[in-house]
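FYI, it's all coordinate maths here, none of it is from the lab. Everything numeric here is computed off the predicted structure, so don't read it as measured data. Every residue, glycine as well, gets a Cβ built from its backbone with ideal geometry; the counts of neighbours run over all protein chains shown.
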Amino acid sequence: MASYTKKEVPVDEGAAVVHRIRITLTSRNVKNLEKVCADLKKGALDKKLDVRGPVRLPTKKLKITTRKAPSGEGTNTWDRFEMRIHKRLIDLHAPSEVVKQITSISIEPGVEVDVTINDR
């Protein structure tokens, strides 16, 4: 077999380290959530970043069924309440400084943003 020599690639210390960044968006209002997703994706594409998503995760339905009558007397009538929680994932490959610029957009009320940075 031929011998293989590993080539040393010089590391440019001036270049920023590229991280894998996952942005998780959670909201009860779909319209606000989709608007924030579109704004984040548009900002990332303007900076020519590698963007994946938004990935739509299954909606959580939190249900509560309770009696209407406070005393328990009378007809058995029930109230059914439901709260839907929508979730989106956006993956970026970018330096952390660029992500700070992208996520500085105005975020709609009721939308929670969670940013997770992983090293490669």
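Express in nm, to one decimal, how much length is gained between I105 and K31 on full extension, taking 0.36 nm for each residue of separation and deducting their alpha carbon distance.
25.0 nm
Cα axis of helix 30-46 to longest principal axis of the chain: angle in degrees, 0 to 90, nearest 10?
Value to nearest ten degrees: 10.
Report, in debye and to the nearest 20, how large the dipole of the chain comes out about its Cα centre when Lys and Arg carry +1 and Asp and Glu carry -1 on their Cβ. Intermediate values should be presented prior to the final figure.
Numbers: 24 positive and 16 negative charges, 129 e Å.
For this selection, approximately 620 debye.
At a Förster radius of 41 Å, what calculated FRET efficiency corresponds to the Cβ-Cβ distance of W78 and V113, to the nearest 0.05? Display every interim value, and only then the final one.
Values: r = 36 Å, r/R0 = 0.89.
Efficiency computed from Cβ-Cβ geometry: 0.65.
Show which lysines lie in cross-link reach of K87 when reach means a straight Cα distance below 19 angstrom and same-chain residues fewer than eight apart are skipped.
Of all the lysines, those that pass the test against K87 - Cα under 19 Å, at least 8 places apart if same chain - are K31, K35, K41, K42, K60, K61, K63.
Only helical DSSP H runs with n ≥ 4 go in: add -39500 (n - 2.57) per run for the chain, normalise by residue count and round the 222 nm mean residue ellipticity to 500 deg cm²/dmol.
So the calculated ellipticity at 222 nm is -6000 deg cm²/dmol.
With Cα Rg over 2.2 N^0.38 Å in mind, check [x] 1.08; [y] 1.71; [z] 1.48 and report the label derived from this structure.
Step by step, Cα Rg over 2.2 N^0.38 Å for this structure corresponds to label [y].
Compare the Cα positions of T103, S3, V18 along the charge dipole of the chain (+1 at Cβ of Lys, Arg; -1 at Cβ of Asp, Glu; about the Cα centre) and return the one farthest towards the positive end.
Of the candidates, T103 comes out farthest on the positive side.
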